Amino acid sequence: MLLKKKPFPEILFLLIISAVVYLPNIGRLTYYKDDWYYIYDGMIAGAKVFHEMFRIDRPLRGYFFELYFSLFGPNPLPYHLGAFFWRGLSALGALWIFNILWPKERRFAFLAALLFAIYPGYIWWISAIEYQPMIASLALQVFSIAFTLKAIQSSSSRGSKIAYLAGAMVTGWLYIALVDYAIGMEAFRFVCVYLLVNRDGQPGIGKRLLKTLKVWAWTLLIPLGFLFWRTFFFTNERKATDIGGQLQILFGSPIATLMGWFFQIYNSLLNLSVLAWINQFPYFVQGMRLRDLAFGLLITAVILVLVISAERMIKLSADENARGEVPTLHRQEALLLGSIGMVFGILPVIMANRYVNITGYSHYGLPASLAAAVFMVGFLDMLSLPRARTLALYAIIAAAALSHYGISSNAVTEESALQKILVAGQLACADA
């Protein structure tokens, strides 16, 4: 009886699959790319140096890095474990959201959370020091939305409602303070609220929107509160993150800027929603050594077995297709939620004259990866042939798993080569 009410199987399998995807090379990963600069600065100037590094645009990151460096120093392993912790936490938060939105579709909710957990469009998880605030912000973002939905559901309990409201506000301000361009995901929050409060099927889009606005209005304190602080109490010294500076580009050349934004939105959406699932595979896998490729294929097989086992256990523990139930519109709702979330999720990035791709700028799409995952599972579930749905689902899961292993294996190879160069340089200096 307890398994039919609580998503214990989904939680267990999400954590196990995430561990199999992200942890195989974690003991060999060290500093990647700009991680070296962060550790060098911390070792030379101490943990307080991070305040000076980030005071010009994102001061909360200074406190974030000060805490991490004070606890772990230059040891890379805790940072990589921390990145995995935030990733696992965000996956559980996503499962919470999707189970609230579609309580009778446990398999669908699990698969959406799974695709979010293993989303291959974000490659910088191997750079666990520099990008630690991004993955932490993602977890806070997900839980802020989950707290919002629970606050709406807790209308009969005033204490619970206040606690969820406070949790949504605090985590909301924190996730935007760590990653300001993630503010576009407030549109995702709005659509989640819309789907939740209109379960009664009230006719008329106008009435539905009005009902949603009444329930959702208080969440405006999250983005507006941040923007108020950013505008009136904080002096931004970095042109790339200055709102006024970016708007000057628009006003100076509006037609050219808007045309550029349009094409960047198109390219970014293509990278975020489609190419992230298919282009990472050849990009990171083709350069793997045969030994690494064989082990990666073994890991992928294990993950597929776990996914199949999870689906069967969910089917046994929750009767999603009970007789007499009216079919839900979860597929269409997932497409709506995902598409709006992706568009508005990347809009602040585009307005800052940046863009999303699946290599160097993949972190700009990280906040919207939640929307990309739910969009993909909705798209796959719309396929008419059950066998085609299953094969497509398992294919993108396998591609994502092998891509992630390729990402970490290539990073280990690159870091090992750099270490050999450093050792050779030290020996040469010693012989001189």
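Please treat every number below as a calculation from the coordinates, not as lab data. Computed from a predicted model, the values in this text were never measured in an experiment. Positions of Cβ are backbone-derived with ideal geometry, glycine not excepted, and every protein chain shown enters the neighbour counts.
Out of Ala276, Ala117, Ala388, any idea which swings most in a Gaussian network model of the chain, alpha carbons joined below 10 Å?
It is Ala388.
In whole Å, what is the distance between the alpha-carbon centres of segment 124-161 and segment 162-199?
Centre-to-centre distance over Cα atoms comes out at 8 Å.
Output needed: percent of Cα pairs per 5 Å distance bin for segment 29-128, bins running from 0 to the one holding the longest distance.
The calculated distribution, bin by bin, is 2, 12, 17, 17, 15, 12, 10, 8, 5, 2, 0, 0.
For the chain, modelled as a Gaussian network with Cα springs under 10 Å, which listed residue fluctuates most, Ala113, Ala399, Ala91?
Most flexible of the set in this elastic network: Ala399.
Could you work out the relative contact order of segment 324-412? I mean the mean sequence separation of Cα pairs under 8 Å and 6+ apart, divided by the number of residues, in percent. Please list the in-between numbers first.
Details: 61 pairs, mean separation 28.0, N = 89.
Taking the mean separation of contacting Cα pairs over the length of segment 324-412, I get 31 percent.
Filter the trypsin sites (Lys or Arg not before Pro) in segment 7-64 down to the DSSP loop ones having no more than 16 other Cβ atoms within 10 Å, then list what survives. Before the final figure, lay out each step's value.
Details: sites: Arg28, Lys33, Lys48, Arg55, Arg61; in loops: Arg28, Lys33, Lys48, Arg55.
Hits after loop and neighbour filter: Arg28, Lys33, Lys48, Arg55.
Under the 0.36 nm per residue contour assumption, what length would be gained going from the current alpha-carbon distance of Ala45 and Leu15 to full extension?
On the way: separation 30, 0.36 × 30 = 10.80 nm, distance 3.73 nm.
That works out to 7.1 nm of additional length.
If you add up the charges near Asp200, with Lys and Arg at +1 and Asp and Glu at -1, over every other residue whose beta carbon is less than 12 angstrom from its beta carbon, what do you get?
Details: positive: Arg199, Lys207, Arg208, Lys211; negative: none.
Surrounding charge for Asp200 is +4.
Where in segment 330-344 does the label zone of Asn198 land, with the point 7 angstrom along Cα→C-beta and an amide N cut-off under 12 Å?
What the label zone holds, given the 12 Å backbone N cut-off, is 333, 336-337.
Let me have the 222 nm mean residue ellipticity of the chain computed from DSSP H runs of 4+ only, each contributing -39500 (n - 2.57), with the sum over all residues rounded to the nearest 500. Walk me through the numbers on the way to the answer.
Values: 19 runs with 309 residues, N = 432.
The per-residue figure over the chain is -24000 deg cm²/dmol.
With a 10 Å cut-off between alpha carbons and a GNM built on the chain, which of Gly172, Gly62, Gly360 moves the most?
Gly360
Please report the projected area of the chain's Cα convex hull averaged over all directions, in nm². It would help to have the intermediate numbers written out before the result.
Details: hull surface 100.3 nm².
Computed as one quarter of the Cα hull surface, the answer is 25.1 nm².
Within 10 Å of each residue's Cβ, count the other Cβ atoms and sort Cys192, Cys429 from fewest upward. Show your work: numbers first, answer last.
Values: Cys192 24, Cys429 8.
Listed from fewest to most nearby Cβ atoms, that is Cys429, Cys192.
Quick one: Cα convex hull volume of segment 282-423, Å³ per residue? Numbers along the way, then the final one.
Values: hull volume 22.3 nm³, N = 142.
Normalising the Cα hull of segment 282-423 by residue number yields 157 Å³.
Given the pairs Lys214/Lys315; Lys48/Lys150; Lys104/Lys214; Lys104/Lys207, which span a C-alpha to C-alpha distance of over 32 angstrom in this model? List each step's numbers first, then the result.
On the way: Lys214/Lys315 37 Å; Lys48/Lys150 38 Å; Lys104/Lys214 26 Å; Lys104/Lys207 25 Å.
Where the Cα-Cα span goes over 32 Å, the pairs concerned are Lys214/Lys315; Lys48/Lys150.
How charged is the neighbourhood of Thr390? Take every other residue with its Cβ under 14 Å from the Cβ of Thr390, and add Lys/Arg as +1 and Asp/Glu as -1. List each step's numbers first, then the result.
Details: positive: Arg107, Arg312, Lys315, Arg387, Arg389; negative: Glu311, Asp381.
Spelling it out: positives minus negatives among the neighbours equals +3.
Between Cys429 and Leu391, take the C-beta separation as r, use R0 = 45 Å, and let me know the FRET efficiency to the nearest 0.05. Let's see the in-between values first.
On the way: r = 57 Å, r/R0 = 1.26.
Step by step, r from the Cβ atoms, then E = 0.20.
Please identify the longest segment of the chain free of exposed chymotrypsin sites (Phe, Trp or Tyr not before Pro), where exposed means a DSSP state other than H, G, I, E or B and no more than 16 other Cβ atoms within 10 Å. If you can, show how the numbers build up before the last one.
On the way: sites that count: Phe233, Phe234, Tyr361.
The longest uninterrupted stretch comes out as 1-232.
Normalised by the residues of the chain, what does the relative contact order come to in percent, with Cα pairs under 8 Å and at least six apart?
Details: 559 pairs, mean separation 106.2, N = 432.
RCO, the chain: 25 percent.
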